[in-house]
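No lab work stands behind these numbers, since they all come straight from the coordinates. Remember, it's a predicted structure, so these values are computed and weren't measured experimentally. Heads up, the Cβs are rebuilt from the backbone with ideal geometry, glycines too, and the neighbour counts pull from every protein chain shown.
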Amino acid sequence: MTGQMARRVKLGLSGLGSISQRGILPHLSLQDAKEKIHLAAVCDIVADRAEVTARQYDVEQHFSDYDEMLRRADIEAVAIAGPIPVHYTQVMKALNAGKHVYVQKAMTVNVQEATDIVNLRKKTGLKLVASPGQMLNQTQVRIRNLIKDGALGKIYWAFTSNVGGGHENESFRAGGDVLSNVDPTWYYKKGGGPMYDMAVYQLHSLTGILGSVKKVSAMSGIGTPVRFFKERAIDVEMDDNTLLLLDFGDHTFAVATGQNCANTPTIGFGRMVFFGTEGTIDMGQAVGGVEVNVPKRLAGTLGFPGGTFKFGAGAPDIPYVTGQHMRIQEAHVYADIAHFAECIAENRDPIPTAEHARHVVEVIEKGYIAARTGTTQEIESSM
């Protein structure tokens, strides 16, 4: 990152539901964000939500039709924050319209769609940032470097758990006004679910740290067939209970899960643990930061402490997230968007790439195929 950008990026935001109302819009309204990004237009299929949002955040233009925003708004870039199943169409339209693209996770629901995006982005030369930008987090970069430098010896396996109660219970949705009464039904239909929405975070982390997945096996199903949002029944069509077994090659394995159920505070959301012949790294809420255990004899040769030491406790080490941003939800999303804006303004290559997002999408898609067929699936893409 540089201290001063040459210009502000003119951005259109598509999708004004939960993540935008709780996170993106409050972050972009802060002064330091305004110095990087000019939010010039907002769009949502609920016309009243677009109008009220524009008025609340002093945005010049608002739309209920995405195509119209691409045609009429004075923007050079689009941030796509709607439901996952609309990502592919909106990304492709934006790239074809000559707009740089930020897209929320997961980038698409299948690898063919992801490949279309990768190819079109290359053809146009436009910038594309695909959340989640896990490797913008310097704590995760340090973990990757420790492992690469041999702090743990030979990595045997890793573990991560991504457990959440489901979108219908979010306190944000309890209100009755047009901004907070956001229906979560899409999440329980095809293209939703905890793998694309939650486990995607740690799949980006695992691959960012360990490299590309070679094979995947899985078990998956629907544990709760009917859920309720404000007393209205929702038939669940997307798996809400999935366990992946990942093969990174060279006999290094990982377990990654995505479930809509209760969680335990001793594990916490998104906790990752790496196990090697010489030591372990435990990253998660339960240890108050990152706990590293390595023998002193090894530490002395590699230049880091021996025995047990910790780092990364307290505030996450994410660029752009300072001051008031630390008190607003979805700070990691703001970091991705701020990085996106700087890459446009300074003509730099993004760290969270479409290729990385495609690889993770393939792992998820092939995981569902593995669970359905009972056969291990080969992963063809890399990062």
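Can you give the local net charge around ASP183? Use residues other than it whose beta-carbon is closer than 10 angstrom to its beta-carbon, Lys and Arg +1, Asp and Glu -1.
Result for the local shell: +2.
Ranking request for peptides 24-32, 227-235, 126-134: highest mean number of other beta-carbon atoms within 10 Å first, then the rest in descending order.
Sorting 24-32, 227-235, 126-134 by mean packing, highest first, produces 126-134, 24-32, 227-235.
Using only helices, what value at 222 nm comes out for the chain when you add -39,500 (n - 2.57) per DSSP H run of length 4 or more and divide by the total residues, to the nearest 500 deg cm²/dmol?
-8500 deg cm²/dmol
Taking K and R as +1 and D and E as -1, what net charge do the other residues with C-beta under 11 Å from the C-beta of LEU30 add up to?
+1
Gaussian network model of the chain, Cα springs within a sub-10 Å range: biggest mean-square fluctuation belongs to which of GLU362, GLU342, GLU35?
Most flexible of the set in this elastic network: GLU35.
The list [x] 20.9, 80; [y] 21.1, 70; [z] 20.7, 64 gives values of Rg and Dmax of the Cα atoms in Å, and only one came from this structure; which label was calculated from it?
From the options [x] 20.9, 80; [y] 21.1, 70; [z] 20.7, 64, the structure gives [z].
How far, in degrees from 0 to 90, does helix 111-124 lean away from the longest principal axis of the Cα atoms of the chain, to the nearest 10?
70
On a 0 to 90° scale, report how tilted helix 331-345 is relative to the longest principal axis of the chain, with both axes built from alpha carbons and the result rounded to the nearest 10.
For helix 331-345, the angle is close to 70 degrees.
Can you tell me what share of the DSSP beta bridges in the chain is antiparallel? A percent to the nearest 5 is fine.
Within the chain, antiparallel bridges account for around 60 percent of the total.
Please determine, in degrees from 0 to 90 and to the nearest 10, the orientation of helix 200-210 with respect to the longest principal axis defined by the Cα atoms of the chain, where the helix direction is its Cα long axis.
With both axes taken from Cα atoms, the answer is about 40 degrees.
Determine the sum of side-chain charges near SER18: Lys and Arg each +1, Asp and Glu each -1, restricted to other residues whose C-beta is under 13 angstrom from that of SER18.
-3
Sort out for me the Cα centre separation of the stretch 321-383 from the stretch 158-217, rounded to whole Å.
13
Over the Cα atoms of the stretch 98-187, what is the Rg over Rh ratio if Rh follows Kirkwood?
Ratio value, two decimals: 1.09.
Hey, how much of the P(r) for the stretch 186-296 falls beyond 18 Å, as a percent of Cα pairs?
In whole percent, the long-distance tail amounts to 58.
Would you mind checking the pairs LYS36/LYS123; LYS34/LYS127; LYS148/LYS214; LYS99/LYS123; LYS10/LYS99; LYS105/LYS189 and listing those with alpha carbons more than 22 angstrom apart?
Over 22 Å apart, Cα to Cα: LYS36/LYS123.
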